[in-house]
1. List, in order, the whole-Hz ³J(HN,Hα) value for each residue of segment 279-287 obtained from phi through the Karplus relation with A = 6.51, B = -1.76, C = 1.60 and θ = phi - 60°; use x for Gly and Pro.
2. So which chymotrypsin sites (Phe, Trp or Tyr not before Pro) in segment 515-551 end up in coil per DSSP with only 13 or fewer other C-beta atoms within 10 Å?
3. Specify the inter-centroid distance of segment 157-223 and segment 287-360, based on alpha-carbon positions, in whole Å.
4. Once R0 is set to 41 Å, what does the formula 1/(1 + (r/R0)^6) return for the Cβ-Cβ distance between Arg334 and Ala422, expressed as a FRET efficiency to the nearest 0.05?
5. Remind me, what semi-axes does segment 343-448 give for its equivalent ellipsoid, largest first in whole Å, using sqrt of 5 times each Cα gyration tensor eigenvalue?
6. How far, in nm, would the chain grow between Ala351 and Phe522 when pulled straight, counting 0.36 nm per residue and subtracting the alpha carbon separation?
7. Taking a threshold of 18 Å on the Cα-Cα distance, which of the pairs Lys56/Lys153; Lys73/Lys159; Lys56/Lys159; Lys73/Lys126; Lys72/Lys419; Lys72/Lys153 fall above it?
8. Short version: ³J(HN,Hα) in whole Hz for each residue of segment 317-326, in order, from phi by Karplus 6.51 cos²θ - 1.76 cosθ + 1.60 (θ = phi - 60°), x for Gly and Pro, what are they?
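No lab work stands behind these numbers, since they all come straight from the coordinates. In this text the structure is predicted, and so the values were computed from the model without any measurement. Because the Cβ atoms are built from the backbone with ideal geometry, glycine has one as well, and the counts that use them run over all protein chains shown.
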Amino acid sequence: MKATASAAASVALAHGQATHTLTGFYLLFLCSLFLCLMWSPVHAHDLKRKNRKPTKAAPALKQTRRQLDAAKKQISHTCCAKPSCDACALRQGGCACGAQVKAGYGGCGECVESWQAGLGAIPQRKTISLQAAPQLTDEEKLQRVTELILARKSLNEAKQILQSENRYNCCIGGGCASCALTGDCQCGAALAKKTGGVCGECLEGWQQGRGAFAGISADEVKLAPMETLAMNAMAQQGSGTSQQPADSPVSGVTWRARDWSLMAHGQIIVGLNHQPKPRGVAKAESQNWLMLMAQRSVGRGVLQLRGMLSAEALTLPHGGSPQLFQTGETYRNRPVIDAQHPHDAVMELAASYALPLSENTSLEFYAAPVGEPALGPMAYMHRASAREIPAAPLGHHLMDSTHISHGVVTAGWRARWFKLEASAFRGREPDEDRLRVELGKLDSFSGRVWFAPTANWSAQVSYGRLQNPEVFHPGSVKRWTASLAYSREFANANWAATAVWGRNREYDPTFNESYLANAYLFESTGSLFERNHFYTRLELADKQGLLVSNIFRRPGLATEPRRVSAESFSFLRSSLAHPDPNEIDPFVYTLLRRVGAFTFGGVRDLIVQDRWRLGIGADLTLHHSSGLVERIYGTRPVAYRIFLRWRLNQN
């Protein structure tokens with residue numbers, strides 16, 4: 001234990017010196033959020049509108065999407081962009097833009113727009129010009145494609161609803177389809193007010209003489225990139241190099257700056273967190289983060305830059321957010337027990353580059369002074385299934401705790417449904433100085449395989465070896481994880497769920513033994529009618545050290561574990577099912593205990609604006625334990641939270 005104490009003493013920090021820096025950082029954080037809201041150049045799909053409400057056309061639009069996707073499988077649709085264009089399929093029953101572009105010619109307006117957003121699918125070409133695709137199929141043949149007929153009908157119904165809501169102000173005869181499918185078209189207003197360009201399909205319509213505004217020539221009409229495509233491409237990639245199902249709901253604000261597609265995510269939760277006695281406390285707190293993403297085409301590939309900030313070092317209570325049974329990291333030279341530690345001020349600072357090799361394969365590279373290696377599922381604050389849950393999972397340090405690693409290099413290879421990744425990174429978790437980036441030797445490694453066969457599913461298995469991750473537990477940790485994520489959009493609803501298993505094998509130098517700790521998690525979030533969100537998280541986790549005094553100085557059955565012989569350790573482990581705390585050596589309190597937490601809650605959005613939404617939420621967490629744990633935590637303690645949630649959201 002002397003070595004452990006020495007290691008702990010070596011990381012003690014003078015937090016008082018950082019007070020002014022933290023205050024300045026928090027002000028910078030709030031100003032950044034404000035700027036993300038206010039500084040967003042206007043373009044064709046992003047005119048400012050007041051009191052924006054969810055469209056009543058949503059069911060018809062979702063039905064159109066399903067029918068159109070089914071029709072694309074039956075018609076000749078060789079597009080040059082990913083995802084493939086919709087306008088050609090609806091207008092002429094197919095797309096030959098892929099063949100045209102490979103032959104050195106241009107593509108349709110929607111394809112040109114996609115290429116500008118970095119979604120071109122033919123690596124030999126960097127840009128393409130506008131050139132309408134030829135007619136592919138006779139109308140008589142198209143009448144046999146039932147799904148295409150139904151898609152056209154559903155889209156026309158949606159257009160009528162969007163027009164009545166003043167969401168569909170198109171500038172060409174018949175109205176463009178690509179904008180309608182996004183639930184909004186302001187190309188006509190943008191062109192009339194001269195505040196921006198139009199979408200690619202409208203530009204093509206003007207070139208073909210279908211412009212609807214008198215006194216404007218086709219030469220005056222410019223292209224405004226459609227940010228929805230770039231936003232979806234950026235959002236599918238989650239924390240680090242992880243990926244979520246493509247059908248996951250997206251929140252954030254997007255805009256365009258020259259050749260860059262930009263996106264901002266942000267969330268602030270403020271509320272009361274009540275963890276019951278005798279071990280818990282009640283605290284006012286705030287979880288918060290801001291993430292900025294930028295991407296553009298560079299050479300044959302796509303460059304992405306990301307930064308993520310948090311002010312939790314200032315807005316969470318001393319010791320962290322109270323949470324029964326939670327463990328991990330340190331505070332003032334003590335292990336954090338019964339609390340979730342604050343995140344670092346810099347949660348991610350990374351660059352990635354994707355280089356396509358063919359239509360279905362690519363190489364990917366990721367480097368970060370602060371980032372996430374290829375280990376575990378997507379970090380919990382980014383998962384669609386946890387988007388409304390304010391607390392960290394109990395199994396965080398057995399699943400996704402490496403999402404803030406100070407030094408990461410990752411290389412990956414993507415082939416259709418699969419992605420293989422390998423990382424080298426610094427295994428030590430962040431110390432108590434939340435403002436510092438602690439670069440060091442890349443002494444740990446990991447590997448991960450992703451499998452995403454459809455837009456609704458995403459699965460991964462991973463393995464990693466972490467060198468000295470915890471200050472009070474020196475030595476390597478071997479970690480295995482597996483996860484399965486599902487997400488699906490419905491009419492006026494969406495649902496996301498994730499199941500995760502994580503396992504650590506750790507060496508305990510006190511007892512000269514290795515032990516296994518497992519964690520199991522299922523979480524789910526569903527949304528109804530845009531404003532109502534319901535969530536649950538069910539988990540079991542093996543925890544060590546719960547029976548000593550916790551980070552809030554709530555007493556346990558022992559103050560400090562002490563060294564005992566390996567013989568005594570083995571004997572007591574095998575023979576004592578329900579030890580008497582008055583008779584058993586304190587070391588037994590460090591043994592693994594299986595605990596459970598079952599959370600149920602919801603959020604109701606009170607205000608929904610163009611770029612943000614504000615909701616009120618609450619949840620209950622039921623806990624399960626047994627034996628000695630139950631003696632000091634009480635029988636089935638119940639915790640609750642009441643909070644306000646503010647989030648950047650582009651409607």
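1. Going residue by residue, I get 9, x, 9, 10, 9, 7, 7, 8, 9 Hz, with x marking Gly and Pro.
2. Values: sites: Tyr515, Tyr520, Phe522, Phe529, Phe534, Tyr535; in loops: Phe529.
Those satisfying the criteria are Phe529.
3. Computed from Cα coordinates, the inter-centre distance equals 40 Å.
4. Details: r = 36 Å, r/R0 = 0.87.
So the FRET efficiency works out to roughly 0.70.
5. So the three semi-axes of segment 343-448 are 25, 18, 12 Å.
6. My answer for the length gained is 58.4 nm.
7. On the way: Lys56/Lys153 16 Å; Lys73/Lys159 24 Å; Lys56/Lys159 11 Å; Lys73/Lys126 27 Å; Lys72/Lys419 26 Å; Lys72/Lys153 16 Å.
In this structure, Lys73/Lys159; Lys73/Lys126; Lys72/Lys419 exceed 18 Å between Cα atoms.
8. x, 4, x, x, 6, x, 7, 4, 6, 7
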